[in-house]
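*Asks:* Mind having a look at this structure? Questions to follow.
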Amino acid sequence: MTFSITDHDPQSKARTGTLTTDHGPIQTPIFMPVGTAGTVKAVHQRELETDINADIILGNTYHLYLRPGLEVLRQAGGLHAFNGWRRPILTDSGGYQVYSLSNTRKIKEEGVTFKSHIDGSSHRFTPEGVMDIQRTIGADIIMAFDECTPYPCEYGYARQSMEMTHRWLDRCIDRFDTTEGHYGYRQTLFPIVQGSTYPDLRRQSAEVIASKEREGNAIGGLAVGEPAEEMYSMIELVNGILPADKPRYLMGVGTPANILEAIALGVDMFDCVMPTRNARHGILFTTEGIINIKNEKWSRDYSPIDPGLGGYASTFYSKAYVRHLFKAEELLSGQIASVHNLTFYLWLVRQARTHIAAGDFVSWKNSVIPQLMQRL
Ligand code: PRF
């Protein structure tokens, strides 16, 4: 994998670049649609490629391991062959999902034991096991096994947890570097910075992660309920330590405003369920602001969802029609809304890239955030 930086914004830490994998290039800053169970919910692969034009999507180790399971994925030839997505895939390591989804979980030095949210069966994830699973899923970018601490988190717990995440990282690296991919293309492992909202822990973690000299690095443990300003100050601190010539991935973020602010701090990659999950609840992001399409006020608005955006779903269907689909609980409602919201998120990062290249990213960001975040 190679990462080359194309432009630097003169007024901020924002940059544009290209991350090249064996499944093709990723233009950064990038938003990665979340495809938890091998599908970006309610969206066809063809729509992802053409209308939304996503460079990369996410999958989750936790879900794919439980269902369909590793045998099915291995025999298919990996997740790309299984779901027909030909561009890059990143998989999260499962740690975060175990904490948020499974019924009971015990975290120990060896790993995490948990019960499946599907059938209650018992399983154990270890750093080594999670590397093997992600080898079998076959993502281009795989994530280290970590513990994401909740917010707020007592200092002592945050420190112990971070130290265990660092020991787990060494075990991940040992396993990853002594194994090979199954399907003939290269995979790369990103480590994850933790440390809750404590500056000294964040600094220490970023130094440990930087010292591993992997091809890219991630920031975890944020967007878990802390004030946005606290998140931004942690990102700024960590990005001052992580190598500038490697991609930086902020996990699970976020709102359009969060993404633009983090880009200004030097973050290159994002993922979040927000566009797709909100879409299924009728919350639409548009270039004019945020719409609850179920609201009565849209019942006779025959204008397109977002004429400013381009893209099929956003320009073809009217607000009144999509509102009707939601009120009638038609399946098409979630599909149109999901394609639209993802088109918006990919438009947002494309705009960011254009303005970074033009050298006016900060003034554009500051002028556009109030508009994008206003509730219509
Ligand atoms: N760790 C992992 N995945 C994540 C996170 C994390 O800390 C977050 C935190 N926002 C989202 N997804 N492995």
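The values are calculated or read from the model by the stated rules, or taken from the named source; none is laboratory data. These numbers were taken from a predicted model, which means no experiment stands behind them. When we count neighbours, we look across all protein chains shown, and the Cβ atoms used for this are built from the backbone with ideal geometry, even at glycine. Only protein heavy atoms, including side chains, enter the accessible area calculation; ligands, DNA and RNA are left aside. Shrake-Rupley method; radii C 1.70, N 1.55, O 1.52, S 1.80 Å.
*Asks:* So which residues in segment 271-290 are crowded, with 19+ Cβ neighbours inside 10 Å and within 16 Å of the ligand (Cβ to nearest atom)?
*Replies:* ASP271, CYS272, MET274, PRO275, THR276
*Asks:* So which residues in segment 279-296 are part of a loop (DSSP other than H, G, I, E, B) and touching a residue at least 24 places away in the same chain (Cβ under 8 Å), if there are any at all?
*Replies:* GLY282, THR287, GLU288, ILE293, LYS294, ASN295
*Asks:* Let me ask something else. Could you please let me know if GLY59 is under 30 Å from LEU309 (Cβ atoms), away from the ligand (no atom under 12 Å from the Cβ), surrounded by 21 or more Cβ atoms within 10 Å (Cβ to Cβ) and of a type outside the set (A, V, I, L, M)?
*Replies:* Yes; evaluated as a whole, the condition is true for this residue.
*Asks:* Would you list the helices (runs of 4 or more DSSP H) that sit entirely within segment 117-223 and hold 3 or more residues that are open to solvent by 60 Å² or more (accessible area, probe 1.4 Å) and free of Cβ contacts under 8 Å to residues at least 24 places away in the same chain?
*Replies:* The qualifying helices (runs of 4 or more DSSP H) are 155-177.
*Asks:* Is one or more of the residues making up segment 339-354 in a helix (DSSP H, G or I), more than 25 Å from GLN45 (Cβ to Cβ), open to solvent by 20 Å² or more (accessible area, probe 1.4 Å) and at pLDDT 95 or above?
*Replies:* Taking every residue of segment 339-354 in turn, at least one turns out to be in a helix (DSSP H, G or I), more than 25 Å from GLN45 (Cβ to Cβ), open to solvent by 20 Å² or more (accessible area, probe 1.4 Å) and at pLDDT 95 or above.
*Asks:* For PRO191, all conditions in the list (1) more than 26 Å from MET234 (Cβ to Cβ); (2) within 12 Å of the ligand (Cβ to nearest atom); (3) not basic (Lys, Arg) hold save one; what is the number of the exception?
*Replies:* In the conditions (1) more than 26 Å from MET234 (Cβ to Cβ); (2) within 12 Å of the ligand (Cβ to nearest atom); (3) not basic (Lys, Arg), PRO191 misses (1) alone.
Conditions tested, residue by residue: (1) among the small types (Gly, Ala, Ser); (2) more than 16 Å from the ligand (Cβ to nearest atom); (3) more than 12 Å from the chain's Cα centre (by Cα).
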position: ASN217; (1), (2), (3): no, no, yes
position: GLY225; (1), (2), (3): yes, no, yes
position: GLU230; (1), (2), (3): no, no, yes
position: GLU236; (1), (2), (3): no, yes, yes
position: ASP245; (1), (2), (3): no, yes, yes
position: ARG248; (1), (2), (3): no, no, no
position: ASN258; (1), (2), (3): no, no, yes
position: GLY266; (1), (2), (3): yes, yes, yes
position: MET269; (1), (2), (3): no, no, no
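*Asks:* Now, a different point. Of the residues that sit in segment 97-116 and are assigned to a strand (DSSP E or B) and open to solvent by less than 60 Å² (accessible area, probe 1.4 Å), which one is nearest to LEU19 (Cα to Cα)?
*Replies:* My answer is VAL112.
*Asks:* Moving to a separate point now. List every residue pair whose Cβ atoms sit under 9 Å apart, with the two residues 6 or more apart in sequence or on different chains, where the first one lies in segment 45-63 and is on the phi > 0 side of the Ramachandran plot and the second, anywhere, is among the hydrophobic types (A, V, I, L, M, F, W, C).
*Replies:* The qualifying pairs are ASN53/LEU346.
*Asks:* When LEU250 is evaluated against the numbered criteria (1) surrounded by fewer than 22 Cβ atoms within 10 Å (Cβ to Cβ); (2) outside the structural domain of ALA320 (by TED's automatic domain parsing); (3) not basic (Lys, Arg), which criterion, by number, is the only one it fails?
*Replies:* Single failed check for LEU250: (1).
*Asks:* Next up: Being open to solvent by 60 Å² or more (accessible area, probe 1.4 Å) and without any contact (Cβ under 8 Å) to a residue 24 or more places away in the chain is the filter here, so list the residues in segment 3-19 that pass it.
*Replies:* Listed by number, the list holds a single entry, SER4.
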